[in-house]
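Here is the structure we will look at, set down as structure tokens.
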Amino acid sequence: MIKKYKHLFFPILVVVAVLSSGLGFFLQFKINKFDREIANLQSEIKKTDVEIKVLKTEISHLTSIQRVREIANRYLPQYKNITQKDFINLMDIPVNPDFE
């Protein structure tokens, strides 16, 4: 019975070889595509990290005490010499009867 199908062995072997090499090329193509996508995502992550660092530096500068004082002195000179006497006690505020 094996001798009966012996002439089909070589063509089947060729078909299997072609299919497996085609599958190999397809898988390699997909792997390369995913590698490129990973590289792009890593690049975007690095750019975002740099942007985050820049924003943290900027907010640190914008909220520095010295800068806030300079801006307050420049734009709010009438409040330059505020003392504790200028504030009222919380208990001095009348209570709204509708609130209770």
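The values are calculated or read from the model by the stated rules, or taken from the named source; none is laboratory data. Keep in mind it's a predicted model, so treat the numbers as computed, not measured. Because the Cβ atoms are built from the backbone with ideal geometry, glycine has one as well, and the counts that use them run over all protein chains shown. Only protein heavy atoms, including side chains, enter the accessible area calculation; ligands, DNA and RNA are left aside. Shrake-Rupley method; radii C 1.70, N 1.55, O 1.52, S 1.80 Å.
In the chain, the DSSP-assigned H stretches of four residues or longer account for a calculated mean residue ellipticity at 222 nm of -23500 deg cm²/dmol, using -39500 (n - 2.57) per stretch and the full residue count as denominator. With all protein chains kept in place, the per residue accessible area of segment 1-69 amounts to 98 square angstrom at a probe of 1.4 angstrom. Of S43, S20, S64, the residue with the greatest mean-square motion in the GNM of the chain, using alpha carbon springs below 10 Å, is S20. In a DSSP loop and with at most 13 other Cβ atoms within 10 Å, the chymotrypsin sites (Phe, Trp or Tyr not before Pro) in segment 5-100 are F87, F99. Candidate cross-link partners of K47 among the aspartates and glutamates, defined by an alpha-carbon separation under 20 Å and a same-chain spacing of 8 or more, comprise D35, E37, E58. Of the accessible area of the chain, computed with a 1.4 Å probe over protein heavy atoms only, carbon and sulfur atoms account for 65 percent. Given (i) 7.8; (ii) 6.3; (iii) 19.4, which label gives mean projected area of the Cα convex hull in nm² as computed from the coordinates? Correct label, based on the coordinates given: (iii).
Tilt of helix 65-75 relative to the longest C-alpha principal axis of the chain, in degrees (0 to 90, nearest 10)? Long axis of 65-75 versus the principal axis of the chain: about 50 degrees.
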